[in-house]
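Written out below as C-alpha cells is the structure these notes cover.
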C-alpha cells in the first residue's frame with residue numbers, strides 16, 4: 001500500500017466540470033479512443049525523456065528501458081497504462097491534469113455543449129486527451145515520478161465528479177507515469193485481452209516505443225514509412241502491404257515519399273496488382289490511413305486522395321497536423337490540403353514516369369485500374385496529367401488489347417487535322433461496323449474506340465488534347481474531309497447518277513422526308529457512306545448519339561433529338577427504291593422502306609424506342625420477299 005503525505009483536495013474549474021459531464025453522460029460512437037490518447041501521451045513522455053537524455057541532462061532511473069505497459073485485471077475491473085517517460089512534478093500534475101492546459105476556455109466548453117460534437121472530434125485537442133478516460137472510469141489514480149532526481153513521486157486521484165486529490169508518495173518509483181483506471185460496470189470489456197489488443201493494434205501499432213499488454217509485446221510491425229528507403233527490402237514492403245490491405249498478392253508497385261518542406265509528411269503507398277472493384281460494389285471502402293506522429297487518426301481517410309486514385313492503398317503520417325482533428329476540420333485545414341495535393345501529384349508523376357518508361361507495366365496497370373483512373377476527368381487542376389495517362393484502343397491497333405496514348409494519336413494525325421475522332425459502342429467489332437466509320441476508313445483517319453459509358457464524359461469534359469479537339473464520329477463536319485485524299489479508291493458498284501436520275505433522287509429524298517415527318521430535321525444525300533444505305537447524323541450543336549443514350553437511360557433526357565437522315569445514293573437498295581419511285585412515287589413500298597431505313601438508323605444510334613414495331617415490319621418484309629423468291633424459283 002502506498003505511503004502518502006500532505007494530501008490536498010482541489011476543486012475542478014467550472015468549465016472542467018462541464019466538460020467532464022459532457023464526456024461522461026453524452027453518447028459517443030467510440031469510447032475506445034481513450035486508450036489511444038493515453039498511449040499517445042505515454043509516447044510523448046518517452047520522446048521528451050529521450051530528448052533530455054540526448055542533450056546530456058541528468059536523469060533519474062537512467063537504466064530503465066523506454067517502454068509502455070498496458071495491464072488489466074478483469075476480476076478487479078481495472079486497467080493500468082504505465083510508461084518510463086519523463087514523468088511529472090507536483091506542479092506539473094496540477095498544470096497538466098488539474099486544468100485544461102492554456103486552452104480550456106468557457107467558450108470552448110459552451111461550444112461543445114451546445115452542439116452535438118462526437119468525442120472523436122474533440123479528444124486530443126485543447127489538452128483534454130487524458131479526460132477521455134472518464135468515459136470508462138469511475139475513478140482514476142495517477143502515480144508519477146519526474147525524471148528530475150530530487151523531485152518526489154506524486155499521486156493524483158479523482159472520480160471525475162468535481163474535485164481531485166494530490167499528494168506526495170513516499171513509495172519508491174524510479175521514473176515515469178502509471179495511470180490506474182477503475183472501470184465502470186458498463187465498461188468491463190476494457191479489462192479483456194481481446195478488446196485491448198484490438199484497440200492497440202488499430203490505433204497504436206506504429207508507436208515507436210514497445211507496447212506490452214500483460215507482458216506480451218503488441219506492436220510488432222514497425223512504421224517503415226519513416227525508415228530510409230535504402231534500408232527497406234522488397235520483402236519488408238510486401239509484408240507491410242499484406243498487413244495493411246489483407247491482400248494475399250504482393251503489390252504491383254510501391255511509392256515511398258518523405259517530404260520535409262514546405263510541410264513535413266511521410267507517405268507509403270501501394271498499387272495493388274489487381275483491382276478491388278467489382279461492378280462498383282462497395283465503392284465507399286477506400287482511403288488512406290492518416291497518422292499523426294505514428295498514431296492513427298483516421299482509418300481509410302477519403303479526403304487525402306481524389307476518388308479516381310482510390311485504388312491506391314497506404315498510409316500518410318505527418319508531424320504538422322494536430323494529434324486529433326475532425327473530418328470537417330481536415331477538409332478546411334491548410335496543412336492537410338497541402339499534404340493531399342502533394343500526395344496526389346506524387347502518384348500522378350509516378351504513373352507518368354511508368355507510362356513513359358515501362359509500357360508493359362502501364363498496360364497491365366491500365367487494364368486493372370484504368371476504369372477508376374479515367375474518372376480524373378473531374379480534376380480540373382490535373383487535366384494535363386490525366387490526358388497523358390489516358391489510354392484507348394483505336395482503329396490503328398491490331399487487336400482489342402492494344403492501347404494508344406493520345407500523344408501517339410496526334411503524332412499520326414493528317415496534315416491540317418485538328419481533331420481527335422472517337423466513336424462509342426459496346427465492342428470494337430460493333431464500332432468498326434458502325435456506318436459513321438465508313439468515311440474514316442475511306443480517308444484513312446484514326447478513330448478512338450470508347451466502349452465504356454463513362455468514356456464520353458471523359459473526353460467531353462477534357463474537351464481537347466493540346467491543340468486537338470475531341471470530336472464524335474457522328475458530329476463531324478464533312479467539309480474538313482474534302483481536301484483529304486482517299487487512302488484507297490472504292491470499287492464503283494454503280495455509275496454516277498445521270499442528271500435526270502439525280503433530279504428524281506432529290507425529289508425522292510423530299511418524299512422520304514414527308515413520310516418520316518418531324519422525326520428528322522432533313523433527309524439528305526450522303527457523302528460519307530460507302531457500304532451502308534443510311535445513317536442518322538447529329539449537327540455540330542447537338543450532343544453525340546451515345547451521350548444522348550446515356551442521358552436517356554439516366555432519365556435526364558427523355559426525348560430523342562431530331563437529326564439528319566442521310567441516304568447513300570450508291571447503295572443497291574437506294575437504286576432499286578429509285579426505280580420504284582420513278583414508276584410510282586406513291587407506291588406503298590416506298591413508305592415501308594423509308595420507315596424501315598429510319599428505324600434501322602435509330603437502332604444503330606441506340607435511340608429506337610419501339611423495337612417491336614421494327615421487328616413486325618422486318619417480318620412483313622421477309623414474308624413478302626419469301627413470296628417473291630418462291631415466284632422467282634417457280635416453287
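The values are calculated or read from the model by the stated rules, or taken from the named source; none is laboratory data. The shown structure was predicted, so the numbers you read here are calculated from the model rather than taken from an experiment. Every residue, glycine among them, receives a Cβ derived from its backbone with ideal geometry; neighbour counts consider all protein chains shown.
Of note:
- Output for segment 593-624, where each listed residue is at pLDDT below 80, under 25 Å from residue 575 (Cα atoms) and surrounded by fewer than 13 Cβ atoms within 10 Å (Cβ to Cβ): 624
- Condition met for residue 516 (in contact with a strand residue (DSSP E or B) (Cβ under 8 Å, 6 or more places away or on another chain), surrounded by 20 or more Cβ atoms within 10 Å (Cβ to Cβ) and not in a loop (DSSP other than H, G, I, E, B)): no
- Among the residues making up segment 148-172, those that are in a loop (DSSP other than H, G, I, E, B) and either within 18 Å of residue 97 (Cα to Cα) or free of Cβ contacts under 8 Å to residues at least 40 places away in the same chain (or both) are 150, 151, 152, 159, 160, 161, 162, 172.
- Residue check: residue 226 meets all listed conditions (1) farther than 16 Å from residue 267 by Cα; (2) surrounded by fewer than 17 Cβ atoms within 10 Å (Cβ to Cβ) but one, namely (1).
- Selection count where residues are over 19 Å from residue 361 (Cα atoms) and free of Cβ contacts under 8 Å to residues at least 60 places away in the same chain, scope segment 387-416: 10
- Filter result for the condition that a residue is modelled with pLDDT under 95, touching a helix residue (DSSP H, G or I) at 6+ places or on another chain (Cβ under 7 Å) and either over 24 Å from residue 219 (Cα atoms) or surrounded by fewer than 19 Cβ atoms within 10 Å (Cβ to Cβ) (or both), over 29, 89, 57: 29
- Restricting attention to segment 167-194 and to residues that are in contact with a helix residue (DSSP H, G or I) (Cβ under 8 Å, 6 or more places away or on another chain) and surrounded by fewer than 17 Cβ atoms within 10 Å (Cβ to Cβ), the residue that is nearest to residue 40 (Cα to Cα) turns out to be 189.
- Listed conditions (1) at pLDDT 90 or above; (2) more than 44 Å from the chain's Cα centre (by Cα); (3) surrounded by fewer than 20 Cβ atoms within 10 Å (Cβ to Cβ) are all met by residue 138, apart from (2).
- All positions within segment 350-361 that are without any contact (Cβ under 8 Å) to a residue 12 or more places away in the chain and either within 16 Å of residue 403 (Cα to Cα) or under 18 Å from the mean Cα position of the chain (by Cα) (or both): 356, 357, 358, 359, 360
- When residues of segment 212-248 are limited to those that are under 21 Å from the mean Cα position of the chain (by Cα) and either outside the structural domain of residue 316 (by TED's automatic domain parsing) or outside any helix (DSSP H, G or I) (or both), the one farthest from residue 70 (Cα to Cα): 247
- Residue within segment 451-462 that is out of contact with any strand residue (DSSP E or B) (no Cβ under 7 Å at 6 or more places or on another chain), more than 30 Å from residue 381 (Cα to Cα) and surrounded by 13 or more Cβ atoms within 10 Å (Cβ to Cβ) present: no
- The residue of segment 464-489 that is modelled with the highest pLDDT, among those that are in contact with a helix residue (DSSP H, G or I) (Cβ under 7 Å, 6 or more places away or on another chain) and in a loop (DSSP other than H, G, I, E, B), is 466.
- Among all residues of segment 193-201, there is none that is part of a loop (DSSP other than H, G, I, E, B) and in contact with a strand residue (DSSP E or B) (Cβ under 8 Å, 6 or more places away or on another chain).
- Near pairs, Cβ below 6 angstrom, 6+ apart or cross-chain, from segment 518-530 (over 22 Å from residue 444 (Cα atoms)) to any residue that is in a helix (DSSP H, G or I) and modelled with pLDDT of 90 or more: 523/509; 523/512; 523/513
- Single condition residue 104 does not satisfy, out of (1) buried (at least 16 other Cβ atoms within 10 Å of the Cβ); (2) part of a loop (DSSP other than H, G, I, E, B); (3) at pLDDT 90 or above: (3)
- Residue in segment 446-462 that is under 24 Å from residue 595 (Cβ atoms) and outside the structural domain of residue 573 (by TED's automatic domain parsing) present: no
- Residues (crowded, with 19+ Cβ neighbours inside 10 Å and either under 28 Å from the mean Cα position of the chain (by Cα) or touching a residue at least 60 places away in the same chain (Cβ under 8 Å) (or both)) located in segment 426-441: 434, 435, 436, 438, 439
- Which listed residue, of 383, 350, is under 23 Å from residue 241 (Cβ atoms), outside the structural domain of residue 207 (by TED's automatic domain parsing) and surrounded by fewer than 18 Cβ atoms within 10 Å (Cβ to Cβ): 350
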